[in-house]
Amino acid sequence: MASVYSEKVMDHFTNPRNVGEIADANGVGEVGNAVCGDIMKMYIKVENDVIVDVKFKTFGCGSAIATSSMATELIKGKPLSEALKLTNKAVVEALDGLPAHKIHCSVLAEQAIKAAIADYYTRLGIDPTPFVGELHDSCDGGCCHEH
Ligand code: FES
């Protein structure tokens, strides 16, 4: 049976990168998806404004796993400013697409990264809003368009 999912999605779903937690993470973000109720937790380790390590755990579907896996690969080793520019759209493109009704799953990864970075700034006593913007910790599907 032909899959509606690209080979890259299947690869990241069956062999997800960066799954787990980081014991000494200095930023942790947890977000929920209002569409399906799935949950994503993202751990980042930041040194000199660079994300030196990132891991995630999710109670999410295969598309959430694949997008988070790809998103963590895209931000690992990158400065915070670059990680904050990562959109769910860019992650979906890097995966060669997702079926339209699964796009909302990709928002979970983007929001979890933003929440983890916001937590990192908050722990430093810095207001994250100027960097991260207003965080909506759940997605109603309406945020899956261009940001
Ligand atoms: Fe919930 Fe995909 S169906 S994240």
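The lone criterion from (1) modelled with pLDDT of 95 or more; (2) open to solvent by 20 Å² or more (accessible area, probe 1.4 Å); (3) more than 24 Å from residue 132 (Cβ to Cβ); (4) out of contact with any Gly (no Cβ under 6 Å at 6 or more places or on another chain) left unmet by residue 13 is number (4).
Every condition in (1) touching a strand residue (DSSP E or B) at 6+ places or on another chain (Cβ under 8 Å); (2) free of Cβ contacts under 8 Å to residues at least 40 places away in the same chain; (3) not β-branched (Val, Ile, Thr) holds for residue 60 except the one numbered (2).
Could you list, in sequence order, the residues of segment 130-140 that are open to solvent by 40 Å² or more (accessible area, probe 1.4 Å) and part of a helix (DSSP H, G or I)? Within segment 130-140, 130, 131 meet the criteria.
The values are calculated or read from the model by the stated rules, or taken from the named source; none is laboratory data. Here the structure is a predicted model, which is why all the values come from computation and not from measurement. Glycine gets a Cβ as well: all are built from the backbone with ideal geometry, and neighbour counts include every protein chain shown. These accessible areas exclude ligands, DNA and RNA; they are computed on the full protein's heavy atoms, side chains included. Shrake-Rupley method; radii C 1.70, N 1.55, O 1.52, S 1.80 Å.
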